1. Please state which one of I162, I142 is outside any loop (DSSP other than H, G, I, E, B), surrounded by fewer than 21 Cβ atoms within 10 Å (Cβ to Cβ) and either within 14 Å of the chain's Cα centre (by Cα) or on the phi < 0 side of the Ramachandran plot (or both).
2. Mind checking whether some residue in the stretch 86-100 is within 19 Å of A196 (Cα to Cα) and among the hydrophobic types (A, V, I, L, M, F, W, C)?
3. Would you point out the residue of the stretch 181-219, among those that are surrounded by 13 or more Cβ atoms within 10 Å (Cβ to Cβ) and of a type in the set (V, I, T), that is farthest from L102 (Cα to Cα)?
4. Let me spell it out: the conditions are (1) touching a helix residue (DSSP H, G or I) at 6+ places or on another chain (Cβ under 6 Å); (2) touching a residue at least 24 places away in the same chain (Cβ under 8 Å); (3) farther than 21 Å from L118 by Cβ, and K39 meets all of them except one. Which number is the exception?
5. Taking the stretch 29-61 as the region of interest, how many residues are open to solvent by less than 60 Å² (accessible area, probe 1.4 Å) and at negative phi?
6. Pick from the stretch 109-139 the residues that are among the hydroxyl-bearing types (S, T, Y) and in contact with a helix residue (DSSP H, G or I) (Cβ under 8 Å, 6 or more places away or on another chain): which of them is surrounded by the fewest Cβ atoms within 10 Å (Cβ to Cβ)?
7. Counting just the residues of the stretch 165-180 that are of a type in the set (K, R) and not in a loop (DSSP other than H, G, I, E, B), which one comes out least open to solvent (accessible area, probe 1.4 Å)?
Amino acid sequence: METQTHETSPAVRPFRVDIPEEAIADLRRRITATVWPDKETVVDASQGVQLATMQELARYWGTDYDFRRFEAKLKALPQFMTEIDGLDMHFIHVRSKHEHALPLIVTHGWPGSVIEQLKIIDPLTNPTAHGASASDAFDLVIPSLPGHGFSGKPTTTGWDPIHIARAWIVLMKRLGYTRYVAQGGDWGNAVTEQMALQAPPELLGIHSNMPATVPDDVA
């Protein structure tokens, strides 16, 4: 499989997560300043999430959650930026140590982020450490959808699943992959299906955990 390194691709630049302390402090202030509604009139969850549950969640995020611990977890991963169609695209790129690993691009859903995929990185790139064989290994490309996470925010309309699918095809070519597969769920499913419909010769197949099954006349 032919690939190029990031160092030989001037269009791809390294990215490092760096959350300013003032941003964390501001978030904590805004959480603490929440104006709460009246308590529900029932003793169960039949009227929705109960006030006490939401207040406990807010207290956790406002005082207990360790943002720096999670920031360090993100910083430990190789991350990059590349501009496609005038918009910066953020992505995690973890190569397997196994020589013939199959490249896989995984797209998150809405309103999610690449954080959803962190738990799959080691099992897929390092399968022998998880009871599988080297032939099960993948190189992982995990991009942030436009407007999500660290990717740029579109200033015009048009970044629909069709457009994003085209961008992901460009991204995989830019990384030098001549064969790969794609996976997605939720909004990521829509993007992944569009990649299949556009049928780039490098794309061997797709996997979805949210296939569209609504007939056109119903949709």
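1. Going through I162, I142 in turn, just one is outside any loop (DSSP other than H, G, I, E, B), surrounded by fewer than 21 Cβ atoms within 10 Å (Cβ to Cβ) and either within 14 Å of the chain's Cα centre (by Cα) or on the phi < 0 side of the Ramachandran plot (or both): I162.
2. Applying the first criterion (within 19 Å of A196 (Cα to Cα)) to the stretch 86-100 yields none.
Scanning the stretch 86-100 turns up no residue that is within 19 Å of A196 (Cα to Cα) and among the hydrophobic types (A, V, I, L, M, F, W, C).
3. Applying the filter and picking the extreme gives V191.
4. Going through the list (1) touching a helix residue (DSSP H, G or I) at 6+ places or on another chain (Cβ under 6 Å); (2) touching a residue at least 24 places away in the same chain (Cβ under 8 Å); (3) farther than 21 Å from L118 by Cβ, K39 breaks only (2).
5. 7
6. The qualifying residue surrounded by the fewest Cβ atoms within 10 Å (Cβ to Cβ) is S133.
7. Taking the stretch 165-180 and keeping what is of a type in the set (K, R), we get 166, 173-174, 179.
Among the residues that remain, those that are also not in a loop (DSSP other than H, G, I, E, B) are: 166, 173-174.
On the way: R166: 116, K173: 111, R174: 59 Å².
Restricting to residues being of a type in the set (K, R) and not in a loop (DSSP other than H, G, I, E, B), the top hit is R174.
The values are calculated or read from the model by the stated rules, or taken from the named source; none is laboratory data. All of these numbers come straight from a predicted model, not from anything done at the bench. All Cβ positions, glycine included, derive from the backbone under ideal geometry; neighbour counts span all protein chains shown. Remember, those area values only see protein heavy atoms, side chains included, never the ligands or the DNA or RNA. Shrake-Rupley method; radii C 1.70, N 1.55, O 1.52, S 1.80 Å.
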